[in-house]
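Trainee: I have a structure here, written as structure tokens, and I will follow up with some questions on it.
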Amino acid sequence: MSTLRDQELKVTYSTTAADLDAVHARFDAALAEVRSRLGRDYPIYISQKPLRNDQPRIVDRCPMDTSLVLGRFTSATAEQAGQAIAAAAGAKRLWGSRTTWQERAAIMRKAAAIVRRRKFEIAAIMSLEAGKNRLEALGDAEESADLMDYYARQMEENHGFVRRMNALTPNESNTDVLRPFGVFVCISPFNFPMALASGMSSAALVAGNTVVFKPAQDTPWTGLCLYEVYREAGVPPDVFHFITGKGSEIGDTLWQHPQVDGIVFTGSVETGMRMFRGFSRKWVKPCLLELGGKGPAIVMDSADLDLAAEGVFKSAWGLQNQKCSACSRVYVHREVATTFIAKLIALTKAMKVGDPTERDVFYGPVINESAFHTWQKAVALAREDGAILYGGDRLDDGALAKGWYAGPTIVKAPLSSRLFTDEFFVPILPIAEIDSLDQALAESNKTDYGLTAGLFSGKEADIARFFDEAEFGVLYANRRTGATTGAWPGCQPFTGWKGSGAGGKGGCGPHYVAQFMREQSRTVVTE
Ligand code: NAP
């Protein structure tokens with residue numbers, strides 16, 4: 001379904017803004033079409049039936065202009081959540097065993113092709129809804145398609161995870177099969193509203209589980225796109241359900257339902273740990289969590305400082321630092337600190353700030369009022385603990401006053417500051433000077449988080465030590481396109497260590513799909 005031209009217009013997180021005229025033209029056309037659909041009222045979908053209720057709607061507002069209502073989404077009731085789970089439970093056998101793994105993989109490949117066909121529209125919706133710049137939004141849509149394909153491939157390469165085993169006697173035949181758990185609740189955050197939701201749900205589905213999906217309340221429209229993609233691809237009605245609602249109201253009801261067999265969740269440590277502690281009651285159930293991060297970049301005195309400044313710039317200010325993989329702290333060698341900081345500030349000053357749906361705008365607003373207040377508190381802490389080198393002010397010139405524009409803020413702070421250990425998930429970047437790689441590694445490893453980290457060094461020995469000693473699931477050395485960000489399916493498995501995740505095998509990686517299945521040994525004896 002995706003054309004050769006669409007393939008040529010592929011945008012990943014490593015794509016730079018050069019030679020992309022055709023991409024921009026397609027995005028502009030999609031944005032105009034999407035803008036003509038603003039303000040509609042949307043149902044939830046249970047068994048492909050549109051359902052509404054009398055509850056107050058979730059009002060989906062644009063973070064660039066909070067007076068702009070993108071859509072109104074149904075707040076599912078507890079009864080409706082139960083109805084979705086019961087339907088998903090009823091379809092376990094149909095999807096998990098009567099549908100072959102080859103059929104499921106083929107449906108996922110079709111879904112990937114539909115995402116590629118709709119990628120400009122999906123990216124335009126996402127850009128309006130999440131405040132993500134257009135190239136990153138396109139990257140998110142492309143990643144979604146690649147994830148679906150990659151997870152289908154995992155089933156194919158492993159022959160459906162059916163394996164012939166050894167036999168103890170000649171008349172015994174042994175087979176090992178990985179089989180789905182049943183019903184998965186899939187809950188996603190706002191920041192990668194398509195890719196994370198697609199990755200988690202497609203892995204669950206291709207493995208043979210049925211899914212009840214709830215997107216973040218800030219990004220329900222992108223979530224709806226995913227539902228439409230699966231419906232068009234041929235996922236049967238009772239197999240995938242689309243529920244919108246506030247996590248604080250409907251979340252617990254969803255995952256605490258006794259017919260739920262597994263949770264797949266990406267979001268904050270607070271919500272993830274709440275589920276982990278509360279989910280397994282009668283027996284232990286799978287709870288696959290990808291959680292927060294506090295990504296350090298280490299810049300050594302041997303580093304190429306232009307490269308380091310660019311890599312840090314990209315990972316610190318991409319999506320306004322609202323990525324689990326964002327660069328949210330820097331340890332720079334004392335000898336090069338002044339030069340590195342000057343280069344980083346120069347890049348930050350030159351960055352185009354504005355409406356991220358516009359061409360060449362790199363930096364947009366934070367997601368909502370609550371994130372804006374978090375940023376204000378972080379800036380207050382920065383003023384108390386250290387010295388602000390750049391930013392610290394709300395951006396409210398002209399049209400920016402309509403949205404949640406928190407200025408990118410660079411602060412020099414002592415290593416003891418909470419700025420180096422707490423995840424704020426807003427655009428603030430603390431920098432400290434260090435004297436050695438030993439010290440930088442010790443500081444990097446101090447936090448509870450262990451998702452991504454980056455090193456800039458001209459010495460191979462430094463890179464080897466960094467890979468050996470940094471307690472993070474995703475490590476990058478000398479990466480211009482992102483010091484700590486930009487993982488891609490099949491290229492960089494995205495595994496959170498320590499407080500950043502559970503399971504030890506991440507999305508984008510070769511072991512992901514198998515986690516959605518449990519093993520069954522089958523022995524047949526012929527006399
Ligand atoms: P969040 O507040 O934990 O929300 C994530 C999702 O959980 C949303 O859909 C939310 O719904 C829902 N939720 C809230 N309370 C719930 C409950 N009691 N039961 C069930 N669901 C509930 O996180 P966020 O602010 O959206 O996302 C930012 C966090 O995600 C950061 O910590 C970031 O590092 C992490 N993250 C991690 C990864 C990774 O791969 N490791 C990737 C991206 C983001 P509502 O939106 O309706 O509240």
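Trainee: Using only DSSP helix segments of four residues or longer, with each worth -39500 (n - 2.57), what per-residue ellipticity at 222 nm results for the chain after dividing by its residue count and rounding to 500? Spell out each step's value before the answer.
Mentor: On the way: 15 runs with 189 residues, N = 527.
Calculated from helices alone, the mean residue ellipticity at 222 nm is -11500 deg cm²/dmol.
Trainee: By how many nm would the segment from E358 to S521 grow when fully extended, if each residue of separation counts as 0.36 nm and the alpha-carbon distance is taken off? Walk me through the numbers before you get to the answer.
Mentor: On the way: separation 163, 0.36 × 163 = 58.68 nm, distance 5.52 nm.
Full-extension gain reported as 53.2 nm.
Trainee: Let me ask something else. So how strong a dipole does the chain carry about its Cα centre when Lys and Arg Cβ are +1 and Asp and Glu Cβ are -1, to the nearest 20 debye?
Mentor: Numbers: 59 positive and 61 negative charges, 296 e Å.
Using only the charged Cβ atoms, the result is roughly 1420 debye.
Trainee: Next up: Normalising by the residue count of the range 295-488, find the relative contact order in percent from Cα pairs under 8 Å and 6+ residues apart. Present the calculation step by step, with values, prior to reporting the outcome.
Mentor: Numbers: 396 pairs, mean separation 61.6, N = 194.
About 32 percent, as a whole number.
Trainee: Taking the Cβ-Cβ separation of T169 and K282 as r and a Förster radius of 30 Å, what is the calculated FRET efficiency to the nearest 0.05?
Mentor: Rounded to the nearest 0.05, the efficiency is 0.20.
Trainee: Let me ask another. So how far apart, in nm, are the two label points at L38 and E79 if each is 7 Å from Cα heading toward Cβ?
Mentor: Taking the two extended label points, one gets 3.5 nm.
Trainee: What's log10 of I(q)/I(0) for the chain at q = 0.06, 0.08, 0.09 Å⁻¹, Debye sum over Cα points only, no solvent?
Mentor: Debye intensities relative to I(0), on a log10 scale: -0.28, -0.50, -0.63.
Trainee: If you don't mind, there's one more thing I want to ask. Using the Cα centre of the range 295-488 as the reference point, and only Cβ charges (+1 on K/R, -1 on D/E), how large is the resulting charge dipole? Debye, rounded to the nearest 20.
Mentor: Numbers: 19 positive and 26 negative charges, 92 e Å.
For the range 295-488, the charge dipole is close to 440 debye.
Trainee: Tell me, how many Å apart are the Cα centres for the range 311-357 and for the range 179-193?
Mentor: Distance between centres, Cα-based: 32 Å.
Trainee: Which of rounded, prolate or oblate describes the range 27-67 when judged by the alpha-carbon gyration tensor and an a/c cut-off of 1.5?
Mentor: On the way: a/c = 3.34, a/b = 1.55, b/c = 2.16.
Cα axes put the range 27-67 in the oblate bin.
Trainee: Then there's this: So for the chain, averaging the separation of alpha carbon pairs under 8 Å that are six or more residues apart and normalising by length, what relative contact order in percent results?
Mentor: Details: 1201 pairs, mean separation 92.4, N = 527.
Reported relative contact order: 18 percent.
Trainee: Additional query: Between the alpha-carbon centers of the range 207-284 and the range 10-88, tell me the distance in whole angstrom.
Mentor: 17
Trainee: While we're on this one: Just to confirm a number: summing +1 for Lys and Arg and -1 for Asp and Glu over residues other than E79 whose beta-carbon lies under 15 angstrom from that of E79, what do you get?
Mentor: Working: positive: K49, R52; negative: D54, E249, D252.
Summing Lys/Arg as +1 and Asp/Glu as -1 gives -1.
Trainee: Specify the angular offset, from 0 to 90 degrees and rounded to the nearest 10, of the alpha carbon long axis of helix 305-317 from the longest principal axis of the alpha carbons in the chain.
Mentor: 60
Trainee: Before I look further, what does the range 19-169 give for accessible area per residue, probe 1.4 Å, in whole square angstrom?
Mentor: Details: 6290 Å² over 151 residues.
So the range 19-169 comes to 42 Å² accessible per residue, rounded to a whole number.
Trainee: Please compute the per residue accessible area over the range 295-488 with all protein chains in place, 1.4 Å probe, rounded to a whole number of Å². Before the final figure, lay out the partial values.
Mentor: Values: 7110 Å² over 194 residues.
On a per-residue basis, the range 295-488 sits at 37 Å².
Trainee: Something else: Let me make sure I get this right: for the range 295-488, a, b and c are the square roots of the gyration tensor eigenvalues over alpha carbons, sorted descending. Under 1.5 in a/c it's rounded, otherwise prolate if a/b > b/c, else oblate. Which is it?
Mentor: Details: a/c = 1.74, a/b = 1.56, b/c = 1.11.
Note, shape of the range 295-488 comes out prolate.
Trainee: Strictly greater than 15 Å: what percent of every Cα pair in the range 271-318 meets that? Let's see the in-between values first.
Mentor: Details: 709 of 1128 pairs.
The calculated P(r) of the range 271-318 puts 63 percent of pairs beyond 15 Å.
Trainee: Among all lysine pairs in the range 286-444 that are eight or more places apart or on different chains, how many have alpha carbons less than 20 angstrom apart?
Mentor: 16
Trainee: Share of antiparallel DSSP beta bridges in the chain, in percent to the nearest 5? Working shown, then result.
Mentor: Numbers: 29 of 69 bridges.
Among the beta bridges of the chain, antiparallel pairing accounts for roughly 40 percent.
Trainee: In terms of modelled amide H atoms, which long-range or inter-chain residues lie less than 5 Å from the amide H of R518?
Mentor: Placed amide hydrogens put R179, F181 under 5 Å from R518.
Trainee: Then there's this: If I compute solvent accessible area with a 1.4 Å probe over the protein chains, what percent of it on the range 295-488 is carbon and sulfur? List each step's numbers first, then the result.
Mentor: Numbers: 3390 of 7110 Å².
For the range 295-488, the apolar C and S fraction of the accessible surface comes to 48 percent.
Trainee: Still on this structure: Mind listing the phi-derived Karplus ³J(HN,Hα) values for the range 44-49, rounded to whole Hz, using 6.51, -1.76 and 1.60 with θ = phi - 60°, and x for any glycine or proline?
Mentor: Listing the rounded values in order: 8, 10, 10, 6, 6, 9 Hz.
Trainee: So, counting K/R as plus one and D/E as minus one, what does the shell of residues with Cβ under 14 Å around F213 add up to? Write out the running numbers ahead of the final one.
Mentor: Values: positive: K214, R231; negative: E228, D238.
Within the 14 Å Cβ shell, the charges total 0.
Trainee: If you take every DSSP beta bridge fully contained in the range 295-488, what fraction is antiparallel? Give it as a percent rounded to 5.
Mentor: Taking every DSSP beta bridge within the range 295-488, about 15 percent pair in antiparallel fashion.
Trainee: Here's another thing I want to ask about it. Report the gain in length on full extension from R57 to D28: 0.36 nm times residue separation, minus Cα-Cα distance, nm rounded to one decimal.
Mentor: Working: separation 29, 0.36 × 29 = 10.44 nm, distance 2.93 nm.
So the extension gain works out to 7.5 nm.
The values are calculated or read from the model by the stated rules, or taken from the named source; none is laboratory data. Everything numeric in this text was worked out from a predicted model, so none of it was measured. Heads up, the Cβs are rebuilt from the backbone with ideal geometry, glycines too, and the neighbour counts pull from every protein chain shown. Note: areas computed on protein heavy atoms with side chains; ligands, DNA, RNA excluded. Shrake-Rupley method; radii C 1.70, N 1.55, O 1.52, S 1.80 Å.
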